[in-house]
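Got a structure here, written out as structure tokens. Questions coming.
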């Protein structure tokens with residue numbers, strides 16, 4: 001039998017299969033009024049599309065809650081499980097929290113794929129959660145037309161040091177803790193079967209150490225870079241915080257082979273949609289071509305943290321500036 005390629009059972013792959021950001025914002029617009037009176041103090045809710053929800057519970061602790069799942073981003077079942085778990089826990093780390101528990105979320109086409117592969121997916125997720133000292137305590141599964149896997153995760157944080165996407169201030173450096181480019185490399189993998197070990201290593205790496213370094217540096221504004229790409233997540237942060245940002249394209253790191261994958265045409269549809277969404281609020285400097293913008297908007301899976309501040313070991317890729325200083329309606333400039 002030929003090896004089973006999991007990516008061929010999904011229309012999209014990883015975080016590139018997200019509903020487009022602009023479309024999603026239209027869907028959820030106006031739903032705030034439907035919320036019941038909360039029994040705990042809401043610290044972070046629906047307003048700015050932050051990485052996780054946060055409420056203050058008895059004793060003053062911030063309780064964080066998030067969920068993330070997606071279709072296969074690689075063909076190896078174990079690696080897919082590891083990537084999905086690291087990606088789900090990343091939302092907790094992006095807000096400066098510590099994961100305390102998770103539950104699995106699974107859809108599996110039982111008639112098309114052997115359940116032995118699902119066991120490998122779950123084993124990968126369990127191993128990464130164990131690395132994070134986060135117990136996986138059950139979950140929910142359905143028989144679905146496409147394989148999907150992820151986790152709902154809960155964590156805790158100090159409300160006074162919570163990192164948020166609406167807390168950026170002007171005049172600070174912007175750091176990025178993982179290289180970009182896994183979106184185009186995953187798209188190449190789906191099309192050709194070529195595996196990027198560096199991309200897999202990046203996607204399976206926890207953002208725990210980066211989050212701790214950011215907290216130690218006094219950072220108060222951060223987000224993780226996933227399906228909306230670096231430009232999309234930076235745009236969301238600037239909009240929520242009432243600031244603008246300048247990106248130094250030459251300073252942005254990429255996984256080896258990303259530019260070659262782009263040149264060969266392996267671009268996720270999500271990456272192009274990200275750029276289209278941000279473009280009305282984007283200023284582009286001389287020498288920055290469309291390919292460079294596509295890479296900056298590339299839909300990432302289990303990407304790094306985008307931090308407003310400077311932390312050891314992370315390249316500085318830009319700076320925040322005062323709103324309106326880049327031009328009317330411009331929130332992000334790429335130079």
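Please report 108, 80 as a ranked list, fewest other C-beta atoms within 10 angstrom at the top and most at the bottom.
Ordered from fewest to most neighbouring Cβ atoms within 10 Å, 108, 80 come out as 108, 80.
Next question. Radius of gyration and Dmax for segment 143-211's Cα atoms, expressed in Å?
17.1, 50
Convert 20 °C to kelvin, take the viscosity as 1.002 mPa s, use the Kirkwood radius over C-alpha pairs of segment 150-190 as Rh, and evaluate the Stokes-Einstein diffusion coefficient in µm²/s, rounded to a whole number.
Rounded, D is 148 µm²/s.
Continuing with the same structure: For 162, 305, 117, which order do you get if you count the other beta carbons within 10 Å of each Cβ and list the fewest first?
117, 162, 305
Could you list 302, 196 so that the one with the fewest beta carbons within 10 Å of its beta carbon is first and the one with the most is last?
196, 302
Evaluate the distance, in nm, between pseudo-label points positioned 7 Å from the Cα of residue 100 and of residue 169 along their respective Cα→Cβ axes.
It is 3.0 nm.
Antiparallel DSSP bridges in the chain: what percent, to the nearest 5?
75
Sequence gap at least 6, Cα distance under 8 Å: using those rules, report the relative contact order of segment 173-334 to the nearest whole percent.
Reported relative contact order: 48 percent.
At a Förster radius of 45 Å, what calculated FRET efficiency corresponds to the Cβ-Cβ distance of residue 322 and residue 141, to the nearest 0.05?
0.35
On to the next question. If you wrap a convex hull around the C-alpha atoms of segment 173-334 and split its volume per residue, what is the figure in Å³?
Value for segment 173-334: 97 Å³ per residue.
Simple spin-label model, 7 Å along Cα-to-Cβ: residue 191 to residue 23 in nm?
Output for this residue pair reads 2.1 nm.
Also, quick follow-up: Go through 321-329, 244-252 and give me the packing order, highest mean Cβ count within 10 Å leading.
In decreasing order of mean packing, 321-329, 244-252 become 244-252, 321-329.
May I ask you to derive the relative contact order of segment 48-169, considering only C-alpha pairs under 8 Å and at least 6 residues apart, and to give it as an integer percent?
Relative contact order for segment 48-169 comes out at 40 percent.
Can you give the Kirkwood hydrodynamic radius of the chain from its Cα pairs, in Å with one decimal?
20.0
Mean residue ellipticity at 222 nm from the helices of the chain, using -39,500 (n - 2.57) per DSSP H segment of n ≥ 4 over the full residue count, to the nearest 500 deg cm²/dmol?
-9500 deg cm²/dmol
So, one more: Dividing the Cα convex hull volume of segment 222-290 by residue count, how many Å³ per residue is that?
Cα-based convex hull of segment 222-290, divided per residue, equals 111 Å³.
Would you mind telling me which residue in 62, 194, 286 has the biggest mean-square fluctuation in a Gaussian network model of the chain, where springs connect alpha carbons within a distance under 10 angstrom?
For the chain, modelled as a Gaussian network with Cα springs under 10 Å, the answer is 286.
Here's something else I'd like to know. If I take every Cα pair under 8 Å that is 6 or more residues apart in the chain, average their sequence separation and divide by the length, what percent do I get for the relative contact order?
23
Something else: On full extension of the chain, what length is gained from residue 291 through residue 41, given 0.36 nm per residue of separation minus the C-alpha to C-alpha distance?
Gain on stretching residue 291 to residue 41: 85.5 nm.
Just so you know, all these numbers are worked out from the coordinates, no wet-lab data involved. Just so it is clear, the model here is predicted, and its values are computed rather than measured. Because the Cβ atoms are built from the backbone with ideal geometry, glycine has one as well, and the counts that use them run over all protein chains shown.
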